[in-house]
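K.L.:
Sending over a structure as structure tokens; questions will come in a sec.
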Amino acid sequence: MAYPISYNKSEVLQALRYHFIKQREIKSLMIFVNVYAIITAVLLFMKKIRPEPFLLGSILWILLMAFFWFVLPNLFYKKTMLFKENWQFDFNEQGATLVGNLGEANWEWKLVTTYFESPYFFHFYFSQKSFFIVPKINIPIESQHLIRGYLKDK
């Protein structure tokens, strides 16, 4: 059975945030900046450094968070026509199909290298950078369990 799906901008932006924050490079960068900020805060508290390095770390942290939380998801959303269309999503034991005015996409479950779920979406990854999100809202709970089972089996 085909399920109608459409994308809600605020939900898509949240899903894109999940995607970007899960990237290894972004995680590493954020950990580095946080460690730097903590070290400079401790050194500032101990009066070992001047306030400028701490201020630099704080500004860098704020800029990174703003970029990865607001700017990058919004840029990605604006550039991707997929999120502005209505689609029909269908799946079976072999794979899934997405049909819409922009075209059609088919994939076998075995091509999905990893997947995870955010509150509103299934995130299907075909490589580290190639992914697709499918809203869960119009897919019944039983069918969502079937999708999870197909992905775990493959």
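K.L.:
Could you pull out every one of the strands (runs of 3 or more DSSP E) wholly within the stretch 72-123 that has 1 or more residues that are in contact with a Gly (Cβ under 8 Å, 6 or more places away or on another chain)?
P.N.:
Here the list reads 87-91, 103-108.
K.L.:
Moving to a separate point now. For residue 60, only one of the following conditions fails: (1) in a loop (DSSP other than H, G, I, E, B); (2) surrounded by fewer than 16 Cβ atoms within 10 Å (Cβ to Cβ); (3) of a type outside the set (Asp, Glu); (4) in contact with a helix residue (DSSP H, G or I) (Cβ under 7 Å, 6 or more places away or on another chain). What is its number?
P.N.:
Among (1) in a loop (DSSP other than H, G, I, E, B); (2) surrounded by fewer than 16 Cβ atoms within 10 Å (Cβ to Cβ); (3) of a type outside the set (Asp, Glu); (4) in contact with a helix residue (DSSP H, G or I) (Cβ under 7 Å, 6 or more places away or on another chain), residue 60 violates only (1).
K.L.:
Moving on to the next point. How many residues are surrounded by 14 or more Cβ atoms within 10 Å (Cβ to Cβ) and either among the small types (Gly, Ala, Ser) or farther than 16 Å from residue 20 by Cα (or both) if we restrict to the stretch 64-82?
P.N.:
Residues meeting the conditions: 1.
K.L.:
So how many residues does the stretch 1-51 have that are surrounded by fewer than 16 Cβ atoms within 10 Å (Cβ to Cβ), outside any helix (DSSP H, G or I) and of a type outside the set (Lys, Arg)?
P.N.:
Counting residues in the stretch 1-51 that are surrounded by fewer than 16 Cβ atoms within 10 Å (Cβ to Cβ), outside any helix (DSSP H, G or I) and of a type outside the set (Lys, Arg) gives 8.
K.L.:
Yes or no: the stretch 83-99 includes at least one residue that is touching a residue at least 60 places away in the same chain (Cβ under 8 Å), within 20 Å of residue 16 (Cβ to Cβ) and within 15 Å of the chain's Cα centre (by Cα).
P.N.:
Yes, because at least one residue in the stretch 83-99 is touching a residue at least 60 places away in the same chain (Cβ under 8 Å), within 20 Å of residue 16 (Cβ to Cβ) and within 15 Å of the chain's Cα centre (by Cα).
Where a number appears in this text, it was derived from the coordinates with a stated rule and is not lab data. Keep in mind it's a predicted model, so treat the numbers as computed, not measured. Please note: Cβ atoms are built from the backbone with ideal geometry, for glycine as well, and neighbour counts cover all protein chains shown.
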